[in-house]
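All remarks here apply to the structure that follows.
The values are calculated or read from the model by the stated rules, or taken from the named source; none is laboratory data. Because the structure is predicted, anything quoted here is derived from the model rather than measured. For neighbour counting, all protein chains shown are included, and Cβ atoms are generated from backbone atoms with ideal geometry for every residue, glycine included. Accessible surface is based on the protein model in full, side chains and every heavy atom, while ligands, DNA and RNA are left aside. Shrake-Rupley method; radii C 1.70, N 1.55, O 1.52, S 1.80 Å.
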Amino acid sequence: MKTNHCKIVDCTIRDGGLVNNWDFSVEFVQKLYAGLNEAGVDYMEIGYKNSPKLLKGSEDAGPWRFLNDDFLRKVIPQKGNTKLSALVDVGRVDENDILPRSESMLDLIRVACYSKDVDKALALVQTFHDRGYETTLNIMALSNVMENELLEAFELIKESSVDVVYIVDSYGSLDHNDVKYLVEKFKTHLPNKRLGVHTHNNMQLAFSNTLVAAELGVELLDASVYGMGRAAGNCPTELLVAHLKGTKYNLRPVLDVLEQLMVPLREKEEWGYILPYMITGALDEHPRSAMALRSSEDKDKVVDFYDKLTTPEVNFDK
């Protein structure tokens, strides 16, 4: 398996922040960055660059939810080889909050959207591209996108300035055949674009789906240390670092980060392969209902949960 074209994008702070409301200490993030840099990981997604004024409840979130450039300079005074990335959501970012790359700590800005907003996302991409950033477009919930909608999106994307286009398995419902089908479709319709993949582990397929994509030439592989991410979490960074052959990656610094930071954190916070997330993955549904179940007294009543999701006349509000 040839994987020397691959680059790892570690999303622990950004996607993992969805688990603990971005409540990571500065020291935690500094240690993680140092470990990833030593391990040779290519990018660290250090949070969201959304704008607090465009989001409700923003005052309760940790600083990684709305990255501030001055704050980032204090957190990472010496940047290593590992580049820094941030994600923005269409409708939640004020482009005036994004400095030119020459004045920013960030190298890569990724724009996430649903298929209906691809035009708006590409307008943002163009702005960030003009300011000197590497850019990606992440179309979410691909398993729920209609064929004709995707083809229309491809027409726009092909002509755009975006560097990398992501195949995103938002619900953790895809298997290797789905990934193969999507990668080949994206390659056919976007021959001039590099590709990335972002998987979720609802069905314990995040790692294998990522490897399938890598084998087919997908370049940017999203992962997180110990798989920390919303609900079932992501492809574990340590598995990619250990497995990708013919690469420069070094596992020991990632194990050090795991031992020092992630194992203790997993005692306090819950993420990863858990039955309600498996059920939403199997049914190709957003994990929000499973997340609500896990924070209720009935958190382990999986049969009842399954029945509710598969019986149309049963309403969650009762």
- Step through the residues of the range 265-270 one at a time and calculate ³J(HN,Hα) from phi using the Karplus curve (6.51 cos²θ - 1.76 cosθ + 1.60, θ = phi - 60°), rounding each to whole Hz and writing x for Gly and Pro. 5, 5, 5, 9, 10, 10
- Task: Tell me the label-point distance for the pair K248, K299, using the 7 Å Cα-to-Cβ offset, in nm and rounded to one decimal.
- Result: 4.2 nm
- Query: For the range 211-289, what relative contact order do you get, as a whole percent, if you take Cα pairs closer than 8 Å and at least 6 residues apart?
  - Reply: 29 percent
- Rg/Rh over Cα atoms for the range 61-146, Kirkwood Rh, comes to 1.00
- Averaged per residue, the 1.4 Å probe accessible area of the range 133-188, protein heavy atoms only, in Å², is roughly 41 Å²
- Taking only C-alpha pairs under 8 Å that are 6+ residues apart, what is the relative contact order of the range 1-113 in percent? 28 percent
- Item | Residues with amide H under 5 Å from that of L84, placed H, sequence gap 5 or more | M44, D107, L108
- Query: Carbon and sulfur atoms: what percent of the 1.4 Å accessible area of the range 96-245 do they account for?
  - Reply: 52 percent
- Ranked highest first by the average count of other Cβ atoms within 10 Å around their residues, in what order do 180-193, 227-240 fall? 227-240, 180-193
- Task: Tell me which residues come under 5 Å, amide H to amide H, from S224 once H is placed; ignore anything under 5 positions away on its chain.
- Result: C11, C235, T237
- Pop the C-beta distance of E147 and H5 into the FRET formula with R0 = 25 Å and round what comes out to the nearest 0.05. 0.30
- Task: Pairs of Cα atoms under 8 Å, at least six residues apart: use those to get the relative contact order of the chain, whole percent.
- Result: 19 percent
- Query: How many percent of the accessible area of the range 1-85 is carbon or sulfur, using a 1.4 Å probe?
  - Reply: 47 percent
